[in-house]
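Colleague: Quick one: structure below, then a few questions.
The values are calculated or read from the model by the stated rules, or taken from the named source; none is laboratory data. Owing to the predicted nature of the structure, the values given are computational and were not obtained by experimental measurement. For neighbour counting, all protein chains shown are included, and Cβ atoms are generated from backbone atoms with ideal geometry for every residue, glycine included. Side chains included, ligands, DNA and RNA excluded: accessible areas come from the protein's heavy atoms. Shrake-Rupley method; radii C 1.70, N 1.55, O 1.52, S 1.80 Å.
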Amino acid sequence: GSCQEGRPGMVGVSGHLHVRIVRGKGLLPRTTRGSTYIEVKVDGQSIGSTKAKKGEDPIFERKMDYMMCGEVDKISLALWEKVAFGRDIFLGIICVNMNQLRLKKKIKGLHTLRDADMQSVGKIEMKLLFEEIDMWKSSPYPTIPQHNSIAKTSQRSLFAA
């Protein structure tokens, strides 16, 4: 289960990612009594998962927070079926482009999970929120005003070698 369509659109970000996975709707596990869970990854690195729940419309209700710093391309939410013995079964995925989330700040509602053949395997209700940290505002160095000629002169003299 990966998000490989399209070119990587790495975005330099710093901020907090808040993930809330509310519930599944019409999820299709392979086995009749199968339980499913959602794993959240940032560029392939797992940041957490929900508890496995039975049924087509499970209530997951899980929150995750993640500090982002550096180049980020995609956030993925993958649906897995829990298997008692052996490897869990990948069922479907939702990919969110980081650039899109950064511009919108928030993505929420019901979103369709798609399998490797791009077929729907159900939906999840989720909320992604990105709070960007302004590196200049949190900088310990004073900023030099740019609005008058005196400031420009003092800036030049400060950085003149």
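Colleague: Could you please state how large a percent of the accessible area of the range 9-81 is carbon and sulfur, counting protein chains only and using a 1.4 Å probe?
Modeller: Answer for the range 9-81: carbon and sulfur cover 49 percent of the accessible area.
Colleague: Would you mind checking 53/105; 25/82; 74/105; 53/104 for any pair whose Cα atoms are more than 23 angstrom apart?
Modeller: With Cα atoms farther than 23 Å apart: 53/105; 53/104.
Colleague: Given a Förster distance of 25 Å, report the FRET efficiency between residue 99 and residue 120 from their Cβ-Cβ distance, rounded to the nearest 0.05.
Modeller: Efficiency at R0 = 25 Å is approximately 0.50.
Colleague: Further question: Taking 20 °C and 1.002 mPa s as the conditions, I'd like the Stokes-Einstein D for the range 1-136 in µm²/s, using the Kirkwood hydrodynamic radius from alpha carbon pairs.
Modeller: For the chosen part, D equals 141 µm²/s.
Colleague: Under 5 Å between amide hydrogens, which residues at least 5 positions from residue 83 or on another chain qualify, with H placed 1.01 Å from N in the peptide plane?
Modeller: 88, 89
Colleague: Separation between the residue 64 and residue 133 pseudo-spin-labels, each 7 Å from Cα along Cα→Cβ, expressed in nm?
Modeller: For the pair residue 64/residue 133, the computed spacing is 2.0 nm.
Colleague: Hey, can you find the accessible area per residue of the range 50-102 for me, probe 1.4 Å, expressed in square angstrom?
Modeller: Result: 56 Å² of accessible area for each residue.
Colleague: Next question. Considering only 31, 19, 90, whose Cα is most displaced toward the positive end of the charge dipole of the range 1-117, charges sitting on Cβ of Lys, Arg (+1) and Asp, Glu (-1)?
Modeller: The listed residue farthest towards the positive side: 19.
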